[in-house]
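Below is one structure, written out as structure tokens; comments come after it.
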């Protein structure tokens, strides 16, 4: 697992076959998303090399807040790998509501039900 740390945020990665899991924690506000976007895009692109198709999982079990900037990152990555291969798991009730109200839960897999994403990664 590799990690990146900012003041109030953490991001870890785990790989299992053709699945890349991204574990986030803290507040994913606009400034944090601006900081992590280049590294996240690079990490996913590197993982996709030499693989015909990948699954990408964003685990939000330890996330307190998401902004529209994080929704944008989700949309970018969902389009990159395809709806059936992108999942947002372990959302809190409040964060799940954000995905629902924004309509994102209709265009990507979003799960509030606790899942052990380590089983995937």
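Within the option set 50, 84, being at positive phi and loosely packed, with under 14 Cβ neighbours inside 10 Å holds for one residue only, 50. Looking at residue 60, is it touching a helix residue (DSSP H, G or I) at 6+ places or on another chain (Cβ under 8 Å), at pLDDT 95 or above and farther than 22 Å from residue 114 by Cβ? No: the conditions fail for residue 60. Annotation: of all residues in region 28-42 being surrounded by fewer than 18 Cβ atoms within 10 Å (Cβ to Cβ) and in contact (Cβ under 8 Å) with a residue 24 or more places away in the chain, the one that is nearest to residue 81 (Cα to Cα) is 41. One residue is enough: does region 89-108 have a residue meeting the conditions surrounded by 16 or more Cβ atoms within 10 Å (Cβ to Cβ), without any contact (Cβ under 8 Å) to a residue 60 or more places away in the chain and within 18 Å of residue 16 (Cα to Cα)? Looking for residues that are surrounded by 16 or more Cβ atoms within 10 Å (Cβ to Cβ), without any contact (Cβ under 8 Å) to a residue 60 or more places away in the chain and within 18 Å of residue 16 (Cα to Cα), one finds at least one in region 89-108, hence yes. Residue 59 meets each of the listed conditions (1) buried (at least 17 other Cβ atoms within 10 Å of the Cβ); (2) outside any strand (DSSP E or B) apart from (2). Do you know which of the residues in region 65-95 that are in a strand (DSSP E or B) and within 19 Å of residue 113 (Cβ to Cβ) is farthest from the chain's Cα centre (by Cα)? Of everything passing the filter in region 65-95, 66 is farthest from the chain's Cα centre (by Cα).
The values are calculated or read from the model by the stated rules, or taken from the named source; none is laboratory data. For clarity, every value in this text was computed on a predicted model and none was experimentally measured. So basically every Cβ, Gly included, is an ideal-geometry build from the backbone, and we count neighbours across all protein chains shown.
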